[in-house]
Amino acid sequence: MEDFLWELKTERFLNGELTSEELLAFEQEQATKPELKEYVTLSVQLKQALSEEDWYTHKNTSEQYTTVKKWYQEDDVLAFKEKIQQQATKEFTTKEKTFSLSKYWIPIAAACLLLLITLVFQLTAQPTMKQLYPEYATWNDTPSFIVLDQNTRNTKEQIELLYTNEKYQECIAVADKFLNTSTTDRTNVMIYKGFSLVKLNQYTAALVVFKTISESDAIDASKGLWYMALVYLKIEDKENLQKTLQTITASDTNYKYEKALELMNAIQ
């Protein structure tokens, strides 16, 4: 009976329904009964954690709310809640305790579920551009010029080896020499040059190279668009990244079309 009265008083206290006289008496009762004070404290913390107004605001601003709501309604989550309730009731109603804590299962179960929901929000939260970059940036996706049955290495093979050996400045120099004298196979050489510039953190220069590729009449000109997107992702230029991805996804024949769609959805 006393437990029920405590719950009733606590509920009225949380809802601001106690008169000044009742509030004073309730505070005095908590001072003499540590178990009651502990219950009231836990209830206050839980109410703050599950504030309807805060949850409503969060629900309407979180892009992941639909995902979490669906997860929260799944059978295994509901079963987990039921398991908490059963275990808490079993543990807290043991005859060895002089004070029944069975009423605590409600805030404990809710607190556990709140913790799980918080973890899901963290796991499903929209990744940052910095987090996405390592997943998409594959600057080792380079064309190969080396032919194993050749006894001598031509300029293009030299460019590839310099890049593979991380001699990026030398790779750029040899690539420039080739581009100044050749009118064929320029796209692949420019890719090596652009990649080397990225490795040297010279992003503006790299964008110029990739833009030139994208605007050429080469059959694989759309590669330039994808590499531009990767640079924008690296420097966290969301506006230009979105514009570039929109250009790529305008045609499913463009290089990395599927990846561009995936990345575009990830940064929205």
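Out of (1) at pLDDT 95 or above; (2) surrounded by fewer than 21 Cβ atoms within 10 Å (Cβ to Cβ), the odd one out for Ser216 is which?
(1)
Give the residues of the range 209-227 that are in a helix (DSSP H, G or I) and either closer than 21 Å to Glu258 by Cα or in contact with a strand residue (DSSP E or B) (Cβ under 7 Å, 6 or more places away or on another chain) (or both), sorted by residue number. Spell out the reasoning first.
Kept after step one, since they are in a helix (DSSP H, G or I), are these residues of the range 209-227: 209-214, 222-227.
The answer is Phe210, Lys211, Ile213, Ser214, Ser222, Lys223, Gly224, Leu225, Trp226, Tyr227.
State all residues of the range 250-268 that are over 21 Å from Ile191 (Cα atoms) and not acidic (Asp, Glu); if no residue qualifies, say none.
Just the residues of the range 250-268 that are over 21 Å from Ile191 (Cα atoms), to begin with: 250-252, 261-268.
Scanning the range 250-268 gives Ala250, Ser251, Leu261, Leu263, Met264, Asn265, Ala266, Ile267, Gln268.
Just to check your reading of the model, which residue among Ala206, Ala260 is at pLDDT below 95, within 20 Å of Glu135 (Cβ to Cβ), in a helix (DSSP H, G or I) and in contact with a helix residue (DSSP H, G or I) (Cβ under 6 Å, 6 or more places away or on another chain)?
Numbers: Ala206 fails: at pLDDT below 95.
That would be Ala260, the only listed residue that is at pLDDT below 95, within 20 Å of Glu135 (Cβ to Cβ), in a helix (DSSP H, G or I) and in contact with a helix residue (DSSP H, G or I) (Cβ under 6 Å, 6 or more places away or on another chain).
Could you tell me whether any residue of the range 26-45 is loosely packed, with under 11 Cβ neighbours inside 10 Å, out of contact with any Asp or Glu (no Cβ under 9 Å at 6 or more places or on another chain), among the charged types (D, E, K, R) and at pLDDT 80 or above?
The initial filter retains those residues of the range 26-45 that are loosely packed, with under 11 Cβ neighbours inside 10 Å, namely 28, 31-32, 34.
Next, from what is left, pick out any that are out of contact with any Asp or Glu (no Cβ under 9 Å at 6 or more places or on another chain): 28, 31-32, 34.
The next check asks that each one be among the charged types (D, E, K, R); those that pass are none.
There is no residue in the range 26-45 that is loosely packed, with under 11 Cβ neighbours inside 10 Å, out of contact with any Asp or Glu (no Cβ under 9 Å at 6 or more places or on another chain), among the charged types (D, E, K, R) and at pLDDT 80 or above.
Collect the residues in the range 12-25 that are part of a helix (DSSP H, G or I) and surrounded by fewer than 12 Cβ atoms within 10 Å (Cβ to Cβ), keeping them in residue-number order.
Going residue by residue through the range 12-25, those that are part of a helix (DSSP H, G or I) are 12-14, 20-25.
Within the range 12-25, Ser20, Glu21, Leu24 qualify.
Here is a check on your reading of the model: is Val174 in a helix (DSSP H, G or I), more than 14 Å from Val231 (Cα to Cα) and of a type in the set (A, V, I, L, M, F, W, C)? Walk me through it before giving the result.
Working: in a helix (DSSP H, G or I): yes; more than 14 Å from Val231 (Cα to Cα): yes; of a type in the set (A, V, I, L, M, F, W, C): yes.
So Val174 fits the description; yes.
Quick check on this structure: which one of Tyr232, Tyr227 is buried (at least 16 other Cβ atoms within 10 Å of the Cβ), within 22 Å of Asn165 (Cβ to Cβ) and under 24 Å from the mean Cα position of the chain (by Cα)? Steps first, answer last, please.
Details: Tyr232 fails: within 22 Å of Asn165 (Cβ to Cβ).
Tyr227 is the lone residue from the list that is buried (at least 16 other Cβ atoms within 10 Å of the Cβ), within 22 Å of Asn165 (Cβ to Cβ) and under 24 Å from the mean Cα position of the chain (by Cα).
Residue pairs, Cβ under 7 Å, 6 or more apart or interchain, first in the range 25-36 and under 12 Å from Leu5 (Cβ atoms), second assigned to a helix (DSSP H, G or I) and modelled with pLDDT of 85 or more. List them.
Within 7 Å, the pairs are Leu36/Glu29; Leu36/Gln30.
Condition first: within 39 Å of the chain's Cα centre (by Cα) and basic (Lys, Arg). Now tell me which residues in the range 162-179 satisfy that.
If the condition is that a residue be within 39 Å of the chain's Cα centre (by Cα) and basic (Lys, Arg), then Lys167 is the only one that fits.
List every residue pair whose Cβ atoms sit under 8 Å apart, with the two residues 6 or more apart in sequence or on different chains, where the first one lies in the range 198-226 and is in contact (Cβ under 8 Å) with a residue 40 or more places away in the chain and the second, anywhere, is part of a loop (DSSP other than H, G, I, E, B) and surrounded by fewer than 22 Cβ atoms within 10 Å (Cβ to Cβ).
Partner pairs satisfying both residue conditions: Val198/Trp139; Lys199/Trp139; Lys199/Glu166.
The values are calculated or read from the model by the stated rules, or taken from the named source; none is laboratory data. Only a predicted model underlies this, so the values are computations on that prediction, with no experimental measurement involved. All Cβ positions, glycine included, derive from the backbone under ideal geometry; neighbour counts span all protein chains shown.
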